[in-house]
Number of protein chains: 2
Amino acid sequence: MKPYVKQDPWSIIEEGFDPQKQEISESLFSIGNGHTGQRANSEETYSGSSLQGSYMAGVYYPDKTRVGWWKNGYPEYFAKVLNATNWIGLKLIIDGTELDLAKVEVTDFRRELNMKEGFLKRTFTAKLSPEKRVHIKAVRFVSMARKEIGALSYELTPEGFSGQLELESYLDGDIKNTDANYDEKFWDPVNQSVNGMRASVTVKTKKLDFHYCTVKETEIHQNGSYTPIESTPVLRDKYAGVRADIALKDGEATTIYKYTAHVTNRDHAKEALQAKAEQALEAALQAGFKQLQKEQAEAWETKWLDSDIVIEGDTAAQQGIRFNIFQLNQTYTGEDARLNIGPKGFTGEKYGGSTYWDTEAYCLPFYLATADSRIARNLLVYRWNQLGKAKENAAKLGFTKGALYPMVTMNGEESHNEWEITFEEIHRNGAIAYAVYQYTDYTGDTSYIEEAGIEVLVEISRFWEDRVLYNKRRGAYMMLGVTGPNEYENNVNNNWYTNRIAAWTLSYTLDTLTAWKEKQPELFTTWQKQLGITDDELTKWGDIRSNMYEPYDEETGVFLQQDGFLDKELMAVSELEEKHLPLNQNWSWDRILRSCFIKQADVLQGLHFLNHEYDDETKRRNFDFYEPMTVHESSLSPCVHAVLACELGYEAKAYDMYLRTARLDLDNYNNDTEDGCHITSMAGTWMAVVQGFGGMRVRNGELHLNPVLPENWDGYSFKIVFGGARLLIRVAKSGITVINETNQSVELSVNGSRITASANQEVKAG
Amino acid sequence: MKPYVKQDPWSIIEEGFDPQKQEISESLFSIGNGHTGQRANSEETYSGSSLQGSYMAGVYYPDKTRVGWWKNGYPEYFAKVLNATNWIGLKLIIDGTELDLAKVEVTDFRRELNMKEGFLKRTFTAKLSPEKRVHIKAVRFVSMARKEIGALSYELTPEGFSGQLELESYLDGDIKNTDANYDEKFWDPVNQSVNGMRASVTVKTKKLDFHYCTVKETEIHQNGSYTPIESTPVLRDKYAGVRADIALKDGEATTIYKYTAHVTNRDHAKEALQAKAEQALEAALQAGFKQLQKEQAEAWETKWLDSDIVIEGDTAAQQGIRFNIFQLNQTYTGEDARLNIGPKGFTGEKYGGSTYWDTEAYCLPFYLATADSRIARNLLVYRWNQLGKAKENAAKLGFTKGALYPMVTMNGEESHNEWEITFEEIHRNGAIAYAVYQYTDYTGDTSYIEEAGIEVLVEISRFWEDRVLYNKRRGAYMMLGVTGPNEYENNVNNNWYTNRIAAWTLSYTLDTLTAWKEKQPELFTTWQKQLGITDDELTKWGDIRSNMYEPYDEETGVFLQQDGFLDKELMAVSELEEKHLPLNQNWSWDRILRSCFIKQADVLQGLHFLNHEYDDETKRRNFDFYEPMTVHESSLSPCVHAVLACELGYEAKAYDMYLRTARLDLDNYNNDTEDGCHITSMAGTWMAVVQGFGGMRVRNGELHLNPVLPENWDGYSFKIVFGGARLLIRVAKSGITVINETNQSVELSVNGSRITASANQEVKAG
């Protein structure tokens, strides 16, 4: 399908109605506020192909695992984010004809996702009969300012006729996940009620007892002012609606306002849910639609102030990067440490809405650099909260100590069940340790380590200790039977990246303990006692750190992705005929596995994370060796390569890599946007711009920039929240400008030169 | 559960009724004739736990595959043998009380599987009330002489009362496979009818259009003679029964005879099914139950004449080996080349009743040595018939030439879907080539090679050519990403066995072509043309054969199971605490994979197949290295080790290995006999006795024996069909006797000495 989104710096725009594009648009135009999310389904009935999706963060269901061949250690359940009560629904029958865009003629259709102010707007004209047209303007948002509130306005203006609107404004909790393994419904009714124009539905999950209550008020305005309406209730299990007959006048607008409050027993006592929802709803009603919309615009203004990127001279690029930032901010807002970032956010239900290592490896840098540090900190607290389950997971797999974080999880329990990934892709543990380092180094805030992080580091280190094997023949520690970041290799021995990140974890844990032993001996002693840290253990970790086997080839000077990698037939992706790509659609799995082709950065992931430990020549040798064999069939692959390519001066390659993800969903590059947007890879695009083109690094608490300007751009600028200040970095042909937008002065280096960005000052730098 | 089968040389006997044992007994006491099979379910209603199982050879269903995570190349369907019309059923209500062993008191229960004559017999007394007892004697069999016929007699004798029997003698085709992936029923009704005491049910499969027609006649005998009875029909979809009221007299026997004919459109035209069944049934009725039973005894006498093994001084061993031979003969009779040997035969539905490499690797030797050569030949023809599908399979996985036989199949298409097995356990191709060699060398019959086998060999050789990779660094051909026979390793590089059997295949194919080029140049030329054999191809095969990489360790002098095997922590199974075993129930899959422990013979499988190519010291080094690490968690493992252990003089080890399979099902060793018996591993037990203790080998068409007598036995004897003769080999403390029971003299060597076994003569040999 040809890309159809109109280019615009601040909005995603679709013009003209095409049923073929509805499910893609439902994903693209999704709205969310970190608490709830809503695909861009239409308010009115749509009988065409559609994935109705309303999601509540943190409300999940343990769906019974489906697997062909069971392996010992597989989880019995797969936690899934739940598709929940549809709160936008309006059934609209005008003079006997139902408004359904699959059935009436539609003209002047325009859909806009306004990213600047955070709302979705649709306008169109429906031709109900040769004589009867109705103009529709629908606006909706979920409030960033009031997390439990969603609101919509739906304006109808008849043209050429006056008539009768039969309205049913409803809440429908009888919803099924499309990805249910056994076609089950996960929701049971609790109660539903109607009182005048107010309706409420409470449902609960069949397992885990999540209660979800939605209350809505419907208001009708005509001639610009509130019009009281007679209504009758429509009630059945999990469904509550109000039905009303409304007279429509030719040329006059009738507006239906629907205010909803969404609350769950994650945040409130079960018995208080309805009262809490009513309370939030009342406040919203008091404020009114306009005020709520104003608050929404203000909340987004604040978000953009911290995180905007401006690209000059390339509207497509501008729109792409803003779309990514917008979606990241819609998905995770960082107030609730029990939440995390599902690969599809609130835009679809694929991948169960669960947490992957994507969070630590790809998303953390974005939130670290574009928001208050507590946002990123909560991503770390999430893992700390789940440490107990990670220890259980390690024990379940037969380890005698330590914690193995799950590959995919909602509540800390493993959800995935492919042995080669679930049991073997253990490098995820390293990324979680690395996140502790990254956060602490970036923010200078040691409180996380002191309160929680040290326990995470110690338990992960213990896992590595138990997982390695000392090989006497080689006098080194090894790790057999792992899957590295490149999932196009399974069950390999001594994946360089995994061995390296394990050794790095031990090193960082030991260095942290040593540092605290010196500067805070009492705290160190407390840790020793509480965590049962022994000297023998520390000695052992030191030994493993120093004697970890790192496969390396003398001849080429590259780290070997794994033992035996050079036994493969080595060739560049460019030598393959087009018809073979993407490999994952054209090759059998065994053929992929025994080929040299790489799904996503593996050795290079290590050089990315541990960037400061390797010199340029080492990076160049490995990049030159591995990148040509990389098919980038994970949306998380190009960003890491873009960052390294910039560092090595391969600007064309970097730009090429950047392009592969910048508009991945907007242009439906992988033909799968209808399932939802690739949220976690959006953070990778941000990384490609800021760490890639911007050359941003923080090491030892110091901020470094080495910006380059892609040829196709006139200039660009990005924000960095660092050291209590917010900097705007502008890169133009004429040079680099650093603008400190805050009252806090900070130091940084630009192209190797140390400069001071004084409070509220602008400084030219190179 | 404690073993409960009574020891007896010719029968399997259960005494006393225990509901806990019913499902195990249903498997153990199964009857079959290669065409149909029936678990030992009771004729009368049984409301306790039971797996009702009636199976028809070659009638299968493509059940939709169930898999957690799809991989490119997976088959969409899994062919399953079908649980089909229940033909044994009798509903018996005596004076208002239904005879149901789960509900009435049962005494004097005895069940016997008479292996000598091939029938199942049950006798018991049911106490219907304090005053009313009824003695039951039920006998049934499926006829070896008339493949489409099954018959049963069911005798009731009231004690202490005369009363009324309400009988419903039925055929029930409304049957579901317990292993249906989506709980579907696979059968649709075609028609059902009743005519007097005759009933018929025809059903067809929802896919593939298999039609299965069963016709039955019920006869009542009282006072020893036929008694006409009034009956009424009971008809519904897929079900036909006759209901009759019969007066039972105190102390007098009433016998219900049920004769059935089972026919399918595999053997007859669809429209002629009922007529064919009626015809077969009429003939059976003419013969009568006694005559049918006599034919059955005669047919089994012939089977035993060819295949019996006698063990003196050890009844348990005697019963065990006869049970294995009996089941093998019940499962496969070799008349129909479209059939093969499912791992559970007709005793259960696990593993889909499909064909595995078990056939070539473990079963072929049994059928070769205990029956006319056409029986074994048909197992080869089966693969030849499926060559087209094997070529399709290779193409589907991306190969440009050759054939890859499926891991699991019913009709030649792959059914299995674990990538590490389906795509990677390619050594199965080698076993299929090896079977051609084994058959030809054993029988001296070159007609299979000439008519079909050469094409199989050429296409398998072409597959190996395409599958290997020339490694310039090492100057050798390699195979990356395979799974060897030891499935406790997945996706390894250069599994020695796989590399070796591939090189051997190329060698055997080349040698065969060369031999025919010399002796039958015209045929060779025809092959060249028909199969498109080129000189380049032959040169290439020669190069691969000579330069195949074989991992070997200089220090220990052993072949390496795979690259990197010595990097593992090597330890003996005996060093593990008991609680860890069996590993497959106690360890997570990754732990199993990265351990050194071996599921079944892998390197040793190669030394078993290519026994003649290796000297004793090589075998000993490898056996001593690998056997202690072997957990034998496949029932196919111990036999290969028993054979090698005997050869190496490790008699105690051999006997220990023999014991692990000899009574595997009879003593329910693995706690899974209720799913069905381990048919293919039964051939392994035969192998342990004849190739192990008997030391039987055939090389270059010559028969060799090197018998040893296990300490626990007084003596043993076995049969070998070879060179047109049938030999009885008797091994006693006093020496070895060879008795030629036929008119055909043959030569053989015993303990290295050449002797002649003259027609109908007995000869002492060592």
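The values are calculated or read from the model by the stated rules, or taken from the named source; none is laboratory data. Since the model is a prediction, treat every value here as computed from it, not as a measurement. Don't worry about glycine lacking a Cβ; one is built from the backbone with ideal geometry, like all the others, and counts go over all protein chains shown. Note: accessible area is taken over every heavy atom of the protein model, side chains too, but ligands, DNA and RNA are not part of it. Shrake-Rupley method; radii C 1.70, N 1.55, O 1.52, S 1.80 Å.
Between copies, how far apart are the A:SER753 label points? List them in nm, one decimal, shortest first, with each point 7 Å from Cα toward Cβ, please?
Spelled out, the distances from A:SER753's label point are 10.3 nm.
Could you work out [θ]222 nm for chain A from helices alone, using -39500 (n - 2.57) per DSSP H run of at least four and dividing by all its residues? Round to the nearest 500 deg cm²/dmol.
-9500 deg cm²/dmol
With +1 on each Lys and Arg Cβ and -1 on each Asp and Glu Cβ, how big is the dipole of chain A about its Cα centre, in debye rounded to the nearest 20?
1000 debye
From the label point of A:GLU15, set 7 Å along Cα to the beta carbon, how far off in nm is each other copy's matching point, shortest first?
The projected label point of A:GLU15 is separated from its counterparts by 9.5 nm.
Please give me, ordered by residue number, the chymotrypsin sites (Phe, Trp or Tyr not before Pro) of region A:602-665 that lie in loop per DSSP and have at most 16 other Cβ atoms within 10 Å.
In loop regions of region A:602-665 (DSSP not H, G, I, E or B), the sparsely surrounded chymotrypsin sites (Phe, Trp or Tyr not before Pro) are A:TYR614.
Could you state how much accessible area is buried at the B-A interface, both sides summed, with a 1.4 Å probe, in Å² to the nearest 100?
4000 Å²
Which parts of region A:52-80, residue by residue, lose 30 Å² or more of accessible area when the rest of the protein chains are there, as against the chain isolated (1.4 Å probe)?
For region A:52-80, once contacts with the other chains are taken into account, A:ARG66, A:GLY68, A:TRP69, A:LYS71, A:ASN72 lose 30 Å² or more.
Work out from phi, with θ = phi - 60° and the Karplus expression 6.51 cos²θ - 1.76 cosθ + 1.60, the ³J(HN,Hα) of each residue of region B:181-190, listed in order in whole Hz, and give x for Gly and Pro.
Karplus values, whole Hz, x for Gly and Pro: 5, 10, 6, 7, 8, 9, 9, 10, x, 10.
For chain A, take the longest principal axis of its alpha carbons; what is the angle in degrees between that and the long axis of helix A:373-385, to the nearest 10 within 0 to 90?
80 degrees
What lysines could a cross-link reach from B:LYS517, if we take a straight Cα to Cα line under 19 Å and drop same-chain neighbours fewer than 8 places away?
Candidates past the 8-residue exclusion: B:LYS529, B:LYS540.
Please report, as a whole percent, how much of the solvent-accessible surface of the protein assembly as shown comes from carbon and sulfur atoms (probe radius 1.4 Å).
Its accessible area is 45 percent carbon and sulfur atoms.
Where only protein heavy atoms count, and the probe is 1.4 Å, what is the accessible area per residue for chain B in Å²?
Ligands and nucleic acids excluded, the figure is 34 Å² per residue.
Hand me the trypsin sites (Lys or Arg not before Pro) from region A:180-232 located in a DSSP loop with no more than 16 other Cβ atoms within 10 Å, in residue order please.
A:LYS185, A:LYS206, A:LYS207
Among the listed pairs A:LYS91/A:LYS290; B:LYS80/B:LYS176; A:LYS185/B:LYS238; A:LYS6/A:LYS116, which have their C-alpha atoms separated by more than 22 angstrom in this model?
Distance filter (> 22 Å) returns A:LYS91/A:LYS290; A:LYS185/B:LYS238.
Where the centre of each part is set by its Cα atoms, how far does region B:224-280 sit from region A:579-627, in angstrom?
Between the Cα centre of region B:224-280 and that of region A:579-627, the gap is 70 Å.
Using amide H atoms built 1.01 Å from N in the peptide plane, name the residues 5+ places from B:ALA57, or on other chains, whose amide H lies under 5 Å from its own.
Residues meeting the criterion, in which the H sits 1.01 Å from N, are B:THR36, B:GLY37.
Every other copy gets compared here: list the nm distances from the A:ASP553 label point (7 Å along Cα to Cβ) to its counterparts, shortest first, one decimal.
List, nearest first: 2.6 nm.
For A:ARG621, B:ARG500, A:ARG111, give me the order by solvent-accessible area with a 1.4 Å probe, most accessible first, ignoring ligands, DNA and RNA.
Listed by decreasing accessible area, they come as A:ARG621, B:ARG500, A:ARG111.
Ordered by residue, what ³J(HN,Hα) values in Hz, to whole numbers, does region A:341-348 give under the Karplus form 6.51 cos²θ - 1.76 cosθ + 1.60, where θ = phi - 60° and Gly and Pro are x?
Per residue, the Karplus-derived 3J(HN,Hα) values read 10, x, x, 10, x, 9, 9, x Hz.
Could you sort out which of B:LYS147/B:LYS204; B:LYS64/B:LYS344; B:LYS121/B:LYS147; A:LYS207/A:LYS270; B:LYS103/B:LYS147; A:LYS396/B:LYS344 sit more than 24 Å apart by Cα distance in this structure?
Checking Cα-Cα distances, B:LYS103/B:LYS147; A:LYS396/B:LYS344 exceed 24 Å.
Of A:ARG322, A:ARG594, which has the most accessible area with a 1.4 Å probe, and how do the rest follow in descending order?
Ranking A:ARG322, A:ARG594 by accessible area, largest first, yields A:ARG594, A:ARG322.
Relative to the longest principal axis of chain B, what angle (0 to 90°, nearest 10) does the C-alpha long axis of helix B:651-662 take?
That helix lies at roughly 40 degrees to the long axis.
In percent, how large is the relative contact order of chain A, given Cα pairs closer than 8 Å and 6 or more residues apart?
Relative contact order for chain A comes out at 12 percent.
Select from region A:455-480 all residues whose loss of accessible area on going from the chain by itself to the full protein assembly reaches 40 Å² or more (probe 1.4 Å).
Flagged in region A:455-480: A:LEU469, A:ARG473, A:LEU480.
Hey, got the average number of other protein chain Cβ atoms within 10 angstrom for residues in B:580-591?
Counting other chains' Cβ atoms within 10 Å and averaging over B:580-591 gives 5.
Just to be sure I understand: chains B and A are related by a rotation, so which residue of B has its Cβ closest to that axis, and how close in Å?
It is B:ASN491, 2, counting Cβ atoms only.
Would you mind pulling out the separation of the Cα centroids of region A:489-537 and region A:549-576, in Å?
Cα centroid of region A:489-537 versus Cα centroid of region A:549-576: 30 Å apart.
Mind listing which chymotrypsin sites (Phe, Trp or Tyr not before Pro) in region B:157-250 are in a DSSP loop and have 13 or fewer other Cβ atoms within 10 Å?
Qualifying residues, ordered by number: B:TYR182.
Rounding to the nearest 10 and keeping the result within 0 to 90°, find how far the Cα-based axis of helix B:454-467 lies from the longest principal axis of chain B.
Its long axis makes an angle of about 60 degrees.
Counting only DSSP beta bridges with both residues in the protein assembly as shown, what percent are antiparallel, rounded to the nearest 5?
Of those bridges, close to 95 percent are antiparallel.
When all protein chains stay in place, what accessible area (Å², nearest 10, 1.4 Å probe) is found for A:SER193?
A:SER193 has an accessible surface of roughly 40 Å² with all protein chains in place.
Using protein chains only and a probe of 1.4 angstrom, how many square angstrom of A:TRP504 are accessible, to the nearest 10?
About 20 Å², rounded to the nearest 10.
Relative contact order of region B:11-305: what whole-number percent is it, with Cα pairs under 8 angstrom and at least 6 residues apart?
17 percent
If I ignore ligands, DNA and RNA and count only protein heavy atoms, how much of A:GLU360 is accessible to a 1.4 Å probe, in Å² to the nearest 10?
Answer for A:GLU360: close to 10 Å² accessible.
Which order do A:ASP306, B:ASP245 take when ranked by solvent-accessible area (1.4 Å probe, heavy atoms of all protein chains), largest first?
Output order, biggest surface exposure first: B:ASP245, A:ASP306.
Can you list residues from other chains, or at least 5 along the same chain, whose modelled amide H is less than 5 Å from the amide H of A:GLN562?
Amide H neighbours of A:GLN562: A:TRP496.
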